[in-house]
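Below you will find the structure I want to go over with you.
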Amino acid sequence: MHILFTIPELVEPIVKHLIVPGSRFSKKSSELSYLSDDAYRDITAVGQTARLFRESSLDAIWRVQISLLPLMRAVDFEMKIMNIVAGGVPFKLYNILKLLNTDDATRILWTYSSRISELRLQSFPIILAYSDTIFAGLFPRLQVLKSPADNITQTHLVLHGTGDMLERLDVLGSPCPIPLLEDIAAKASRLKHLALQWTHDDPVHEPREVPDHVYVNFIEAFQKASLLEVLHVVAKFDNGVLIWKTLTQIASLTQLTLDLRGSPRVPFEELAEFSTLVSFHLIASDTLRYPIDLLAKCTFRRLQTLGLRFNCRSPPTLDEATHLITAIAASNPSATLRSLQIETYVVRPWTVVPIRPHAVKPLLRFPIIQHLDLGGHWCWDLDDDFMRELANAWPDLEVLRLDVTRNRPVTSRITVSGLEALVQYCPRLRDLDLTFSGTIPKVLVHHSIGTVELDVLAGGKQNEVLTCIGEGCSDVDSPVELAAILGRMFPELRVLEAAKHSFRKQWREVRDHLPANLNDHP
(Lines give C-alpha, C1' and ligand atoms only; values in the text may rest on other atoms or scores of the structure.)
Protein backbone atom coordinates (compact mmCIF):
# COMPACT_ATOMS: atom_id res chain seq x y z
CA MET A 1 0.00 0.00 0.00
CA HIS A 2 1.43 3.37 -1.02
CA ILE A 3 2.37 5.76 1.77
CA LEU A 4 -0.01 8.35 0.31
CA PHE A 5 -2.94 6.31 1.59
CA THR A 6 -1.84 6.94 5.16
CA ILE A 7 -3.07 10.51 4.73
CA PRO A 8 -6.75 10.66 5.86
CA GLU A 9 -7.43 13.76 3.73
CA LEU A 10 -6.76 11.64 0.62
CA VAL A 11 -8.55 8.49 1.70
CA GLU A 12 -11.80 10.16 2.79
CA PRO A 13 -12.65 11.69 -0.63
CA ILE A 14 -12.08 8.29 -2.26
CA VAL A 15 -14.56 6.59 0.06
CA LYS A 16 -17.05 9.49 -0.07
CA HIS A 17 -17.10 9.15 -3.84
CA LEU A 18 -18.74 5.75 -3.33
CA ILE A 19 -21.61 7.12 -1.23
CA VAL A 20 -24.88 6.84 -3.15
CA PRO A 21 -28.10 7.16 -1.10
CA GLY A 22 -30.77 4.57 -1.82
CA SER A 23 -33.86 5.59 -3.78
CA ARG A 24 -35.94 4.78 -0.71
CA PHE A 25 -35.45 3.34 2.74
CA SER A 26 -36.66 -0.23 2.92
CA LYS A 27 -37.84 -1.70 6.20
CA LYS A 28 -37.14 -5.14 4.72
CA SER A 29 -33.47 -4.39 4.10
CA SER A 30 -31.18 -6.59 6.10
CA GLU A 31 -28.77 -3.71 6.55
CA LEU A 32 -31.36 -0.94 7.19
CA SER A 33 -28.96 1.45 5.50
CA TYR A 34 -29.57 4.78 3.83
CA LEU A 35 -27.05 3.69 1.20
CA SER A 36 -28.00 1.98 -2.01
CA ASP A 37 -27.25 -1.74 -2.09
CA ASP A 38 -24.36 -1.25 -4.51
CA ALA A 39 -22.84 1.59 -2.47
CA TYR A 40 -23.07 -0.40 0.76
CA ARG A 41 -21.39 -3.39 -0.87
CA ASP A 42 -18.62 -1.26 -2.44
CA ILE A 43 -17.81 0.68 0.72
CA THR A 44 -17.75 -2.52 2.78
CA ALA A 45 -15.37 -4.10 0.27
CA VAL A 46 -13.05 -1.07 0.35
CA GLY A 47 -13.02 -1.13 4.16
CA GLN A 48 -11.98 -4.77 4.13
CA THR A 49 -9.18 -4.17 1.61
CA ALA A 50 -6.77 -2.63 4.10
CA ARG A 51 -6.76 -1.22 7.60
CA LEU A 52 -5.93 2.19 6.13
CA PHE A 53 -9.43 2.34 4.62
CA ARG A 54 -11.27 0.95 7.65
CA GLU A 55 -11.97 4.19 9.53
CA SER A 56 -13.11 6.14 6.48
CA SER A 57 -15.33 3.25 5.37
CA LEU A 58 -16.93 2.97 8.80
CA ASP A 59 -17.55 6.73 8.82
CA ALA A 60 -19.26 6.51 5.43
CA ILE A 61 -21.48 3.59 6.48
CA TRP A 62 -22.49 5.05 9.84
CA ARG A 63 -22.70 8.77 9.00
CA VAL A 64 -26.46 8.61 8.27
CA GLN A 65 -28.75 6.05 9.92
CA ILE A 66 -32.48 5.37 9.60
CA SER A 67 -32.89 3.09 12.62
CA LEU A 68 -31.22 2.14 15.90
CA LEU A 69 -31.37 -1.57 15.01
CA PRO A 70 -27.98 -1.60 13.22
CA LEU A 71 -26.45 -0.11 16.37
CA MET A 72 -28.06 -2.78 18.53
CA ARG A 73 -26.55 -5.46 16.28
CA ALA A 74 -23.11 -4.31 17.35
CA VAL A 75 -23.63 -6.04 20.70
CA ASP A 76 -24.83 -9.52 21.52
CA PHE A 77 -28.45 -8.69 22.17
CA GLU A 78 -31.64 -10.69 22.26
CA MET A 79 -34.45 -9.45 20.03
CA LYS A 80 -38.02 -10.65 19.77
CA ILE A 81 -39.89 -9.71 16.58
CA MET A 82 -43.65 -9.59 16.89
CA ASN A 83 -46.03 -9.25 13.94
CA ILE A 84 -48.90 -7.04 15.04
CA VAL A 85 -51.66 -5.02 13.38
CA ALA A 86 -52.53 -1.43 14.34
CA GLY A 87 -55.21 0.56 12.56
CA GLY A 88 -55.56 -2.22 10.01
CA VAL A 89 -51.87 -1.90 9.04
CA PRO A 90 -49.54 -4.86 9.72
CA PHE A 91 -46.02 -4.12 10.95
CA LYS A 92 -43.23 -5.61 13.02
CA LEU A 93 -42.48 -4.68 16.61
CA TYR A 94 -38.84 -5.13 17.64
CA ASN A 95 -38.47 -5.91 21.34
CA ILE A 96 -34.84 -5.65 22.50
CA LEU A 97 -34.67 -7.94 25.54
CA LYS A 98 -31.07 -7.66 26.68
CA LEU A 99 -30.24 -4.98 29.22
CA LEU A 100 -27.06 -3.20 28.21
CA ASN A 101 -24.54 -2.17 30.80
CA THR A 102 -22.28 0.86 30.78
CA ASP A 103 -19.36 -1.19 29.49
CA ASP A 104 -21.38 -2.27 26.43
CA ALA A 105 -22.20 1.33 25.69
CA THR A 106 -18.75 2.83 26.09
CA ARG A 107 -16.67 -0.06 24.72
CA ILE A 108 -18.83 -1.22 21.78
CA LEU A 109 -21.76 1.03 20.92
CA TRP A 110 -19.77 4.26 21.13
CA THR A 111 -17.34 2.93 18.50
CA TYR A 112 -20.13 3.17 15.93
CA SER A 113 -22.63 5.65 17.41
CA SER A 114 -19.95 8.33 17.67
CA ARG A 115 -19.68 8.30 13.87
CA ILE A 116 -23.37 9.13 13.32
CA SER A 117 -23.96 12.74 12.28
CA GLU A 118 -27.55 12.33 11.03
CA LEU A 119 -30.37 10.12 12.31
CA ARG A 120 -33.48 9.89 10.12
CA LEU A 121 -35.51 7.57 12.32
CA GLN A 122 -38.36 5.88 10.52
CA SER A 123 -41.42 4.37 12.20
CA PHE A 124 -39.68 1.15 13.21
CA PRO A 125 -41.39 0.35 16.53
CA ILE A 126 -38.66 -0.70 18.95
CA ILE A 127 -39.03 -1.47 22.66
CA LEU A 128 -35.78 -0.53 24.39
CA ALA A 129 -35.42 -1.35 28.07
CA TYR A 130 -32.49 0.98 28.60
CA SER A 131 -31.92 3.77 31.04
CA ASP A 132 -30.93 7.31 30.07
CA THR A 133 -27.49 6.81 31.60
CA ILE A 134 -26.64 4.03 29.13
CA PHE A 135 -27.28 6.36 26.17
CA ALA A 136 -25.62 9.41 27.72
CA GLY A 137 -22.87 10.66 25.40
CA LEU A 138 -23.43 7.97 22.75
CA PHE A 139 -24.03 10.50 19.94
CA PRO A 140 -21.43 13.25 20.44
CA ARG A 141 -21.27 14.13 16.72
CA LEU A 142 -24.99 14.00 15.95
CA GLN A 143 -25.99 17.15 14.08
CA VAL A 144 -29.39 16.24 12.61
CA LEU A 145 -32.19 14.22 14.22
CA LYS A 146 -35.40 13.60 12.26
CA SER A 147 -37.92 11.41 14.00
CA PRO A 148 -41.69 10.92 13.98
CA ALA A 149 -43.13 11.97 17.31
CA ASP A 150 -44.57 8.45 17.73
CA ASN A 151 -41.00 7.17 18.16
CA ILE A 152 -41.16 8.48 21.72
CA THR A 153 -38.73 6.07 23.40
CA GLN A 154 -36.08 6.23 20.70
CA THR A 155 -36.25 10.01 20.33
CA HIS A 156 -36.05 10.47 24.09
CA LEU A 157 -33.00 8.24 24.45
CA VAL A 158 -31.20 9.75 21.47
CA LEU A 159 -31.78 13.29 22.75
CA HIS A 160 -30.21 12.28 26.06
CA GLY A 161 -27.21 10.95 24.17
CA THR A 162 -26.52 14.01 22.02
CA GLY A 163 -23.82 16.55 22.64
CA ASP A 164 -23.42 20.20 21.75
CA MET A 165 -23.23 19.51 18.01
CA LEU A 166 -26.97 18.91 17.54
CA GLU A 167 -28.19 21.64 15.17
CA ARG A 168 -31.39 20.33 13.60
CA LEU A 169 -34.31 18.56 15.24
CA ASP A 170 -37.45 17.58 13.28
CA VAL A 171 -40.21 15.91 15.29
CA LEU A 172 -43.30 16.01 13.08
CA GLY A 173 -45.96 13.58 11.91
CA SER A 174 -47.92 13.39 15.15
CA PRO A 175 -48.35 15.49 18.30
CA CYS A 176 -45.45 15.59 20.73
CA PRO A 177 -46.18 14.04 24.13
CA ILE A 178 -45.43 16.24 27.14
CA PRO A 179 -42.18 14.41 28.15
CA LEU A 180 -40.83 14.78 24.61
CA LEU A 181 -41.68 18.50 24.60
CA GLU A 182 -39.65 18.84 27.79
CA ASP A 183 -36.70 17.04 26.16
CA ILE A 184 -36.90 19.37 23.16
CA ALA A 185 -37.03 22.43 25.41
CA ALA A 186 -33.80 21.31 27.03
CA LYS A 187 -32.07 21.24 23.62
CA ALA A 188 -33.73 24.29 22.03
CA SER A 189 -31.11 26.78 23.15
CA ARG A 190 -28.44 25.13 20.95
CA LEU A 191 -30.52 24.37 17.87
CA LYS A 192 -30.41 26.15 14.51
CA HIS A 193 -33.41 24.32 13.02
CA LEU A 194 -36.46 23.06 14.94
CA ALA A 195 -39.70 21.50 13.65
CA LEU A 196 -42.37 20.10 15.95
CA GLN A 197 -46.09 19.56 16.33
CA TRP A 198 -47.12 21.56 19.37
CA THR A 199 -50.12 19.97 21.03
CA HIS A 200 -50.89 17.39 23.67
CA ASP A 201 -52.02 14.15 22.09
CA ASP A 202 -54.89 12.45 23.88
CA PRO A 203 -56.21 9.38 22.01
CA VAL A 204 -59.63 9.68 23.68
CA HIS A 205 -60.34 13.38 23.96
CA GLU A 206 -59.72 16.41 21.78
CA PRO A 207 -56.17 17.84 21.82
CA ARG A 208 -55.64 19.57 25.14
CA GLU A 209 -53.67 22.66 25.98
CA VAL A 210 -50.07 22.14 26.97
CA PRO A 211 -49.49 22.63 30.72
CA ASP A 212 -48.14 25.99 31.83
CA HIS A 213 -44.84 24.58 33.09
CA VAL A 214 -44.00 23.31 29.58
CA TYR A 215 -44.67 26.78 28.21
CA VAL A 216 -42.31 28.20 30.82
CA ASN A 217 -39.58 25.75 29.81
CA PHE A 218 -39.93 26.68 26.14
CA ILE A 219 -40.06 30.40 26.80
CA GLU A 220 -36.87 30.18 28.82
CA ALA A 221 -35.24 28.02 26.12
CA PHE A 222 -36.26 30.36 23.28
CA GLN A 223 -35.02 33.37 25.22
CA LYS A 224 -31.60 31.71 25.20
CA ALA A 225 -31.91 30.47 21.58
CA SER A 226 -29.24 32.70 20.12
CA LEU A 227 -28.60 30.23 17.25
CA LEU A 228 -32.14 29.32 16.13
CA GLU A 229 -32.60 30.26 12.47
CA VAL A 230 -35.44 28.02 11.21
CA LEU A 231 -38.63 27.15 13.13
CA HIS A 232 -41.60 25.07 11.92
CA VAL A 233 -44.47 24.76 14.40
CA VAL A 234 -47.74 22.86 14.01
CA ALA A 235 -50.31 24.10 16.55
CA LYS A 236 -53.98 23.20 16.99
CA PHE A 237 -55.03 25.33 19.94
CA ASP A 238 -55.43 29.02 20.75
CA ASN A 239 -52.99 29.18 23.64
CA GLY A 240 -49.34 30.07 23.74
CA VAL A 241 -49.49 33.84 23.26
CA LEU A 242 -46.30 34.18 25.31
CA ILE A 243 -44.54 31.70 23.02
CA TRP A 244 -45.32 33.73 19.91
CA LYS A 245 -44.31 36.96 21.62
CA THR A 246 -41.01 35.33 22.59
CA LEU A 247 -40.41 34.28 18.98
CA THR A 248 -40.39 37.91 17.90
CA GLN A 249 -37.44 38.44 20.22
CA ILE A 250 -35.17 35.73 18.76
CA ALA A 251 -32.54 37.79 16.96
CA SER A 252 -31.27 34.87 14.85
CA LEU A 253 -34.67 33.65 13.55
CA THR A 254 -34.87 34.07 9.76
CA GLN A 255 -37.40 31.39 8.65
CA LEU A 256 -40.74 30.72 10.35
CA THR A 257 -43.49 28.30 9.31
CA LEU A 258 -46.76 28.24 11.28
CA ASP A 259 -49.23 25.44 10.59
CA LEU A 260 -52.29 26.68 12.46
CA ARG A 261 -54.98 24.52 10.87
CA GLY A 262 -57.73 24.07 13.44
CA SER A 263 -56.72 27.04 15.57
CA PRO A 264 -59.89 29.02 16.37
CA ARG A 265 -58.11 32.38 16.46
CA VAL A 266 -54.76 33.91 15.66
CA PRO A 267 -52.10 33.49 18.37
CA PHE A 268 -51.30 37.21 18.51
CA GLU A 269 -53.35 39.35 20.87
CA GLU A 270 -51.20 42.40 20.24
CA LEU A 271 -49.14 43.64 17.32
CA ALA A 272 -46.12 41.42 16.67
CA GLU A 273 -43.02 42.81 14.99
CA PHE A 274 -40.51 40.45 13.40
CA SER A 275 -37.33 42.34 12.73
CA THR A 276 -35.17 39.45 11.47
CA LEU A 277 -37.54 37.15 9.54
CA VAL A 278 -36.63 36.70 5.89
CA SER A 279 -39.13 33.90 5.14
CA PHE A 280 -42.62 33.37 6.59
CA HIS A 281 -45.07 30.60 5.64
CA LEU A 282 -48.58 30.31 7.06
CA ILE A 283 -50.86 27.28 6.72
CA ALA A 284 -54.44 27.87 7.87
CA SER A 285 -57.92 26.52 7.23
CA ASP A 286 -61.65 27.20 7.24
CA THR A 287 -61.69 30.84 6.20
CA LEU A 288 -59.76 33.54 4.40
CA ARG A 289 -60.37 35.75 7.40
CA TYR A 290 -57.67 33.95 9.38
CA PRO A 291 -54.61 34.96 7.28
CA ILE A 292 -56.06 38.47 6.92
CA ASP A 293 -56.39 38.87 10.71
CA LEU A 294 -52.97 37.37 11.39
CA LEU A 295 -51.14 39.53 8.84
CA ALA A 296 -52.95 42.60 10.15
CA LYS A 297 -51.22 42.04 13.49
CA CYS A 298 -47.75 41.38 12.05
CA THR A 299 -45.00 43.69 10.87
CA PHE A 300 -42.06 42.26 8.94
CA ARG A 301 -39.04 44.51 8.56
CA ARG A 302 -36.86 42.31 6.34
CA LEU A 303 -39.28 39.77 4.85
CA GLN A 304 -38.33 38.52 1.38
CA THR A 305 -40.47 35.38 1.00
CA LEU A 306 -44.12 35.02 2.00
CA GLY A 307 -46.15 31.85 1.48
CA LEU A 308 -49.84 31.42 2.36
CA ARG A 309 -51.80 28.17 2.12
CA PHE A 310 -55.37 27.90 3.33
CA ASN A 311 -58.73 26.26 2.74
CA CYS A 312 -62.03 28.01 2.14
CA ARG A 313 -65.52 26.98 1.15
CA SER A 314 -65.63 29.06 -2.03
CA PRO A 315 -63.26 31.18 -4.12
CA PRO A 316 -62.40 34.57 -2.59
CA THR A 317 -64.67 37.48 -3.36
CA LEU A 318 -63.29 40.72 -4.73
CA ASP A 319 -63.44 42.30 -1.26
CA GLU A 320 -61.68 39.32 0.38
CA ALA A 321 -58.93 39.33 -2.22
CA THR A 322 -58.50 43.08 -1.82
CA HIS A 323 -58.32 42.83 1.99
CA LEU A 324 -55.77 40.00 1.83
CA ILE A 325 -53.49 41.77 -0.65
CA THR A 326 -53.81 45.00 1.35
CA ALA A 327 -52.88 43.16 4.58
CA ILE A 328 -49.85 41.64 2.85
CA ALA A 329 -48.67 45.02 1.62
CA ALA A 330 -49.24 46.69 5.00
CA SER A 331 -47.35 43.97 6.89
CA ASN A 332 -44.13 44.73 4.98
CA PRO A 333 -43.66 48.50 5.26
CA SER A 334 -40.01 48.24 4.21
CA ALA A 335 -41.09 46.84 0.80
CA THR A 336 -38.44 44.11 0.92
CA LEU A 337 -40.71 41.35 -0.42
CA ARG A 338 -39.25 39.38 -3.34
CA SER A 339 -41.44 36.28 -3.48
CA LEU A 340 -45.17 35.79 -2.82
CA GLN A 341 -47.01 32.49 -3.17
CA ILE A 342 -50.68 32.00 -2.31
CA GLU A 343 -52.16 28.50 -2.53
CA THR A 344 -55.87 28.00 -1.92
CA TYR A 345 -57.93 24.84 -1.67
CA VAL A 346 -61.58 25.54 -2.38
CA VAL A 347 -64.41 23.16 -1.46
CA ARG A 348 -66.81 24.63 -4.06
CA PRO A 349 -64.55 25.83 -6.90
CA TRP A 350 -67.38 26.31 -9.40
CA THR A 351 -68.37 29.67 -7.89
CA VAL A 352 -66.84 32.36 -10.11
CA VAL A 353 -66.11 35.79 -8.62
CA PRO A 354 -63.93 37.96 -10.92
CA ILE A 355 -60.87 39.54 -9.25
CA ARG A 356 -60.26 42.96 -10.82
CA PRO A 357 -56.89 44.72 -11.17
CA HIS A 358 -57.37 47.12 -8.26
CA ALA A 359 -57.31 44.16 -5.83
CA VAL A 360 -53.70 43.40 -6.80
CA LYS A 361 -52.37 46.93 -7.19
CA PRO A 362 -51.15 47.25 -3.55
CA LEU A 363 -48.43 44.72 -4.50
CA LEU A 364 -47.00 47.09 -7.11
CA ARG A 365 -45.39 49.11 -4.32
CA PHE A 366 -42.82 46.30 -3.91
CA PRO A 367 -40.07 47.23 -6.39
CA ILE A 368 -37.98 44.04 -6.19
CA ILE A 369 -40.61 41.32 -6.72
CA GLN A 370 -39.08 38.32 -8.51
CA HIS A 371 -41.60 35.54 -7.91
CA LEU A 372 -45.41 35.91 -7.87
CA ASP A 373 -47.60 32.79 -7.71
CA LEU A 374 -51.27 33.52 -6.97
CA GLY A 375 -53.19 30.31 -7.47
CA GLY A 376 -56.02 28.18 -6.23
CA HIS A 377 -59.36 29.04 -7.81
CA TRP A 378 -58.77 32.79 -8.02
CA CYS A 379 -60.76 34.06 -11.00
CA TRP A 380 -58.44 36.73 -12.41
CA ASP A 381 -59.97 39.34 -14.65
CA LEU A 382 -56.96 41.50 -15.55
CA ASP A 383 -56.25 43.61 -18.64
CA ASP A 384 -53.40 44.95 -20.76
CA ASP A 385 -53.20 48.25 -18.87
CA PHE A 386 -52.57 46.42 -15.62
CA MET A 387 -49.98 44.16 -17.24
CA ARG A 388 -48.09 47.27 -18.40
CA GLU A 389 -48.20 48.67 -14.85
CA LEU A 390 -47.00 45.34 -13.47
CA ALA A 391 -44.17 45.05 -15.98
CA ASN A 392 -42.96 48.60 -15.26
CA ALA A 393 -43.16 48.06 -11.49
CA TRP A 394 -41.22 44.75 -11.42
CA PRO A 395 -38.18 44.87 -13.72
CA ASP A 396 -36.61 41.93 -11.85
CA LEU A 397 -39.63 39.63 -12.31
CA GLU A 398 -38.65 36.02 -13.05
CA VAL A 399 -41.78 33.98 -12.27
CA LEU A 400 -45.42 35.04 -12.82
CA ARG A 401 -48.17 32.47 -12.28
CA LEU A 402 -51.80 33.53 -12.16
CA ASP A 403 -53.72 30.27 -11.72
CA VAL A 404 -54.15 29.16 -15.31
CA THR A 405 -55.58 25.78 -14.33
CA ARG A 406 -58.56 26.92 -12.30
CA ASN A 407 -61.37 29.44 -12.68
CA ARG A 408 -61.28 32.22 -15.23
CA PRO A 409 -63.68 34.51 -17.08
CA VAL A 410 -64.95 33.24 -20.43
CA THR A 411 -62.60 35.58 -22.32
CA SER A 412 -59.41 37.05 -20.88
CA ARG A 413 -58.89 40.79 -21.29
CA ILE A 414 -55.13 40.25 -21.50
CA THR A 415 -53.91 40.17 -25.11
CA VAL A 416 -50.52 39.92 -26.77
CA SER A 417 -50.15 43.64 -25.94
CA GLY A 418 -49.91 42.65 -22.27
CA LEU A 419 -47.34 40.00 -23.13
CA GLU A 420 -45.44 42.59 -25.15
CA ALA A 421 -45.02 44.73 -22.01
CA LEU A 422 -43.57 41.76 -20.11
CA VAL A 423 -41.03 41.14 -22.88
CA GLN A 424 -40.07 44.81 -23.01
CA TYR A 425 -39.71 45.54 -19.28
CA CYS A 426 -39.07 42.16 -17.59
CA PRO A 427 -35.94 40.74 -19.27
CA ARG A 428 -35.40 38.05 -16.60
CA LEU A 429 -38.86 36.46 -16.93
CA ARG A 430 -38.41 32.68 -17.26
CA ASP A 431 -41.73 31.21 -16.05
CA LEU A 432 -45.08 32.62 -17.18
CA ASP A 433 -48.54 31.11 -16.60
CA LEU A 434 -51.58 33.24 -17.35
CA THR A 435 -54.58 33.18 -19.61
CA PHE A 436 -54.68 35.58 -22.55
CA SER A 437 -56.87 36.27 -25.54
CA GLY A 438 -56.12 35.20 -29.09
CA THR A 439 -57.67 38.35 -30.50
CA ILE A 440 -55.01 40.59 -32.01
CA PRO A 441 -55.60 44.14 -30.66
CA LYS A 442 -56.09 46.84 -33.27
CA VAL A 443 -53.40 48.98 -31.67
CA LEU A 444 -50.78 46.52 -32.96
CA VAL A 445 -52.07 46.51 -36.56
CA HIS A 446 -50.20 48.97 -38.77
CA HIS A 447 -52.84 51.03 -40.62
CA SER A 448 -50.92 51.22 -43.93
CA ILE A 449 -50.11 47.54 -44.34
CA GLY A 450 -53.09 46.11 -42.45
CA THR A 451 -51.02 43.74 -40.39
CA VAL A 452 -48.58 43.71 -37.44
CA GLU A 453 -45.01 44.96 -37.84
CA LEU A 454 -43.16 42.18 -36.07
CA ASP A 455 -39.84 43.97 -35.86
CA VAL A 456 -41.21 46.79 -33.68
CA LEU A 457 -42.96 44.55 -31.14
CA ALA A 458 -41.69 45.08 -27.57
CA GLY A 459 -39.32 47.73 -28.85
CA GLY A 460 -37.49 45.06 -30.82
CA LYS A 461 -36.74 43.05 -27.66
CA GLN A 462 -37.19 39.29 -27.29
CA ASN A 463 -37.48 36.78 -24.46
CA GLU A 464 -35.29 33.85 -25.43
CA VAL A 465 -35.86 31.86 -22.22
CA LEU A 466 -39.58 31.07 -22.11
CA THR A 467 -40.71 27.88 -23.80
CA CYS A 468 -44.27 27.85 -22.38
CA ILE A 469 -46.63 30.71 -21.57
CA GLY A 470 -49.70 29.17 -20.05
CA GLU A 471 -52.99 29.00 -21.87
CA GLY A 472 -55.07 30.79 -24.44
CA CYS A 473 -58.62 31.70 -23.46
CA SER A 474 -60.74 32.84 -26.41
CA ASP A 475 -61.28 32.36 -30.09
CA VAL A 476 -58.34 33.07 -32.39
CA ASP A 477 -58.65 35.61 -35.21
CA SER A 478 -55.72 34.34 -37.23
CA PRO A 479 -53.73 31.36 -35.86
CA VAL A 480 -50.85 31.90 -38.30
CA GLU A 481 -50.50 35.63 -37.56
CA LEU A 482 -50.83 35.10 -33.80
CA ALA A 483 -48.12 32.41 -33.96
CA ALA A 484 -45.86 34.84 -35.81
CA ILE A 485 -46.40 37.52 -33.14
CA LEU A 486 -45.73 35.13 -30.26
CA GLY A 487 -42.74 33.64 -32.06
CA ARG A 488 -41.22 37.10 -32.62
CA MET A 489 -41.45 37.94 -28.90
CA PHE A 490 -40.69 34.42 -27.64
CA PRO A 491 -38.44 32.71 -30.22
CA GLU A 492 -38.08 29.56 -28.07
CA LEU A 493 -41.81 29.19 -27.36
CA ARG A 494 -42.97 25.63 -28.05
CA VAL A 495 -45.81 24.79 -25.64
CA LEU A 496 -49.19 26.51 -25.77
CA GLU A 497 -52.37 24.97 -24.39
CA ALA A 498 -55.98 26.16 -24.52
CA ALA A 499 -57.77 26.87 -21.25
CA LYS A 500 -61.11 25.55 -22.48
CA HIS A 501 -61.91 22.50 -24.57
CA SER A 502 -63.88 24.49 -27.17
CA PHE A 503 -60.77 26.53 -28.03
CA ARG A 504 -58.16 23.75 -28.08
CA LYS A 505 -58.24 23.07 -31.81
CA GLN A 506 -57.55 26.74 -32.66
CA TRP A 507 -54.75 27.08 -30.10
CA ARG A 508 -53.23 23.81 -31.22
CA GLU A 509 -52.97 25.34 -34.69
CA VAL A 510 -51.25 28.40 -33.18
CA ARG A 511 -48.80 26.12 -31.40
CA ASP A 512 -48.03 24.16 -34.56
CA HIS A 513 -47.18 27.39 -36.43
CA LEU A 514 -44.80 28.72 -33.76
CA PRO A 515 -41.38 29.32 -35.36
CA ALA A 516 -39.60 27.13 -32.80
CA ASN A 517 -41.85 24.19 -33.65
CA LEU A 518 -41.59 24.80 -37.40
CA ASN A 519 -37.79 24.78 -37.10
CA ASP A 520 -37.93 21.47 -35.21
CA HIS A 521 -40.06 19.93 -37.99
CA PRO A 522 -39.12 21.61 -41.32
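With only alpha-carbon atoms in the gyration tensor, what are the semi-axes of the equivalent ellipsoid for region 271-318, in Å, largest first?
The three semi-axes for region 271-318 are 23, 11, 8 Å.
Still on this structure, I have one more. State, as an integer percentage, the relative contact order of region 252-379 based on alpha-carbon contacts under 8 Å between residues 6 or more apart.
23 percent
Quick one: how many Å² of Asp431 are accessible to a 1.4 Å probe, rounded to 10?
40 Å²
On to the next question. With every protein chain left in place and a probe of 1.4 Å, what is the accessible surface of Ser314, to the nearest 10 Å²?
The value for Ser314 is about 40 Å².
Still on this structure: Using the Kirkwood radius over C-alpha pairs as Rh, can you work out the diffusion coefficient of region 269-405 via Stokes-Einstein at 37 °C, viscosity 0.692 mPa s, in µm² per second?
Diffusion coefficient, whole number: 217 µm²/s.
Which distance in nm do the two modelled labels at Arg265 and Ile178 give, with both placed 7 Å along the Cα-to-Cβ direction?
2.5 nm
Tell me the accessible surface of Glu497 in square angstrom (1.4 angstrom probe, heavy atoms of protein chains only), to the nearest ten.
For Glu497, the solvent-accessible surface is approximately 90 Å².
Rounded to the nearest 0.05, what FRET efficiency do Ile108 and Gln249 have when you use their Cβ-Cβ distance and R0 = 56 Å?
Calculated value: 0.80.
As a quick test, which of the pairs Lys224/Lys245; Lys146/Lys187; Lys442/Lys505; Lys192/Lys224; Lys361/Lys461 have an alpha carbon distance above 20 angstrom in this structure?
Table pairs above 20 Å Cα-Cα are Lys442/Lys505; Lys361/Lys461.
Would you kindly state how much longer the chain becomes between Arg504 and Asp385 on full extension, computed as 0.36 nm times their sequence separation minus their alpha carbon distance, in nm to one decimal?
40.2 nm is the gain from fully extending Arg504 to Asp385.
The values are calculated or read from the model by the stated rules, or taken from the named source; none is laboratory data. Model, not experiment: these values are computed from the prediction. Every residue, glycine as well, gets a Cβ built from its backbone with ideal geometry; the counts of neighbours run over all protein chains shown. All accessible areas refer to the heavy atoms of the entire protein, side chains included, with ligands and DNA or RNA removed. Shrake-Rupley method; radii C 1.70, N 1.55, O 1.52, S 1.80 Å.
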